[in-house]
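Asks: Mind looking over this structure? Questions follow.
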Amino acid sequence: MTGLSSGANNPRKDQQGVTISGSGPDFIVRVDACASSTLIGTENCKEYPNGNFKPIGLLHEYGEGNLAEFGLMTGSFAKNISGGTLRSNMQSFQSEVNYTTNGTFSASQGIVYTMNKLRVYGYRYSDGSYIGDANCTYQLTSLENNKCTSWGNPMGEMFIESLRYLGGKTAASTQYDYTDSGSKDAAMGLPKPAWVDPFNKATPAAKTAAEAIFGQGQCRAVNAINFNASVISYDDNTGTEWSPFADLPVAAGKGLVYQINVIGMDEGIHDAAKTWFIGNSGGTNTNTCTGKVLDGTANTLATANGLCPDAPSYHGSYALTGAAYWARTNPVRTPSTGDLKANEDAYKVKSFSVALSPGKPRIEVPHPTTAGAKVVIQPTYQLLVGGTVGSGTIVDFR
């Protein structure tokens, strides 16, 4: 016991807010990077022509010298549980940074601009709730589009939309698209550009210019990096949400369900003698992390959803797995015979993933009889409301 008193209400800025010499209670916090000459060489910093030292990352390293083009696809707030939205067409990163002068970012509405506009939407400081976001209230066991818009993470569908873009489609999928005017995305200033073919560009002249720098499309390496800061949710095969995958040059009978189940079979997951912790198997749907059989018939990796232990009731699937497998083994646009002679992997996509999922509560207990073995306990909750189940890991567990 700490002996510290707790408050029944949220602190009020006008009462508990700190002021210093007349400033406050709101303060701007800035991080001073690349400032000390003694740290130059140990930080990821670069000296720009005017003498400025600025922190750099992969975009600077590969973009400032035009070693690669970059584009950006994110989730949206209007369709927070459906697909993804193009934020920046694939292009040179040079337009986003003043690389010939002081290294500051430009006003170009690209990747950096988008990242700087992303916020948590709908938080109400007066009471610490999200009621203002379409009545995003407490004890919800499911989500819908355009409500509780800071939640929902359909990574598989975002990736499918990215493959469609790389495949040369001219517009967003109707399942994932939204009207920009009046949307929450527009209120946050998030860009929603028209789609421009990443290889053929908007005009023949633009294509020629890009090929002079980056090479012809069939000869270029195509990579997709998936950044996931949470657990995957709401990208299972509901309604027509997986239909946009059929826009790609997929062989008959070998759609997304087939691709996911190839993984299930090859990895030994489809086995009636094994059980897997999953919220729902397709045939056994409990929204809880209990062992379920994926036998490869009625219950498969493609029908499984609800990832454990984080979100067994929130319909996260293995869509990204199947889509990434297909894109690595098949071109996202049909190459010509000449293209394949130049590069047998023309227009195939390599996928990389960066998982930034928050820490999960975890208790490890030494096994009482087996040396070196441990019993792992992962505390979870279950919420029963109106006959529906919500469950996941316990937040702030100590």
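The values are calculated or read from the model by the stated rules, or taken from the named source; none is laboratory data. Please read these numbers as outputs of a predicted model, since none were measured by experiment. Methodologically, a virtual Cβ is constructed for each residue, glycine included, from the backbone with ideal geometry; neighbour enumeration extends over all protein chains shown.
Asks: If I filter the stretch 155-163 for residues that are assigned to a loop (DSSP other than H, G, I, E, B) and either among the aromatic types (Phe, Trp, Tyr) or more than 16 Å from the chain's Cα centre (by Cα) (or both), do I get at least one hit?
Replies: no
Asks: If you don't mind, there's one more thing I want to ask. Take the conditions of a type outside the set (Val, Ile, Thr) and in contact (Cβ under 8 Å) with a residue 40 or more places away in the chain and apply them to GLU64. Does it pass?
Replies: So GLU64 fails the test.
Asks: If a residue counts only when it is over 30 Å from THR240 (Cα atoms) and in contact with a Lys or Arg (Cβ under 7 Å, 6 or more places away or on another chain), which strands (runs of 3 or more DSSP E) contained entirely in the stretch 280-395 have at least 3 such residues?
Replies: 363-366
Asks: Next up: Of everything in the stretch 346-365, what is of a type outside the set (S, T, N, Q), at pLDDT below 95 and either within 23 Å of VAL250 (Cβ to Cβ) or touching a strand residue (DSSP E or B) at 6+ places or on another chain (Cβ under 6 Å) (or both)? Give them in sequence order.
Replies: If the condition is that a residue be of a type outside the set (S, T, N, Q), at pLDDT below 95 and either within 23 Å of VAL250 (Cβ to Cβ) or touching a strand residue (DSSP E or B) at 6+ places or on another chain (Cβ under 6 Å) (or both), then VAL354, ALA355, LYS360, PRO361, ILE363, GLU364, VAL365 are the ones that fit.
Asks: Here are the criteria: (1) part of a loop (DSSP other than H, G, I, E, B); (2) surrounded by 13 or more Cβ atoms within 10 Å (Cβ to Cβ); (3) at negative phi. Tell me which single one ALA273 does not satisfy.
Replies: Every listed condition holds for ALA273 apart from (2).
Asks: Same structure, new question: Checking LEU307 against (1) crowded, with 16+ Cβ neighbours inside 10 Å; (2) modelled with pLDDT of 95 or more, which test does it fail?
Replies: (2)
Asks: Got a sec? Which of THR179, THR174, THR208, THR238 is at pLDDT below 95, out of contact with any strand residue (DSSP E or B) (no Cβ under 8 Å at 6 or more places or on another chain) and surrounded by fewer than 20 Cβ atoms within 10 Å (Cβ to Cβ)?
Replies: THR238
Asks: Kindly indicate whether PHE214 is in contact (Cβ under 8 Å) with a residue 24 or more places away in the chain and surrounded by fewer than 16 Cβ atoms within 10 Å (Cβ to Cβ).
Replies: no
Asks: Which residues, taken from the stretch 19-53, are charged (D, E, K, R) and closer than 30 Å to GLU211 by Cβ?
Replies: From the stretch 19-53, those charged (D, E, K, R) are 26, 30, 32, 43, 46-47; that's our starting set.
Within the stretch 19-53, LYS46 is the sole residue that qualifies.
Asks: For SER76, state whether it is small (Gly, Ala, Ser) and either at negative phi or in contact with an Asp or Glu (Cβ under 8 Å, 6 or more places away or on another chain) (or both).
Replies: Yes.
Asks: Here's a follow-up. Based on this model, can you work out whether ALA221 counts as under 26 Å from the mean Cα position of the chain (by Cα) and closer than 30 Å to THR149 by Cα?
Replies: Values: under 26 Å from the mean Cα position of the chain (by Cα): yes; closer than 30 Å to THR149 by Cα: no.
When the stated conditions are applied, ALA221 does not pass them.
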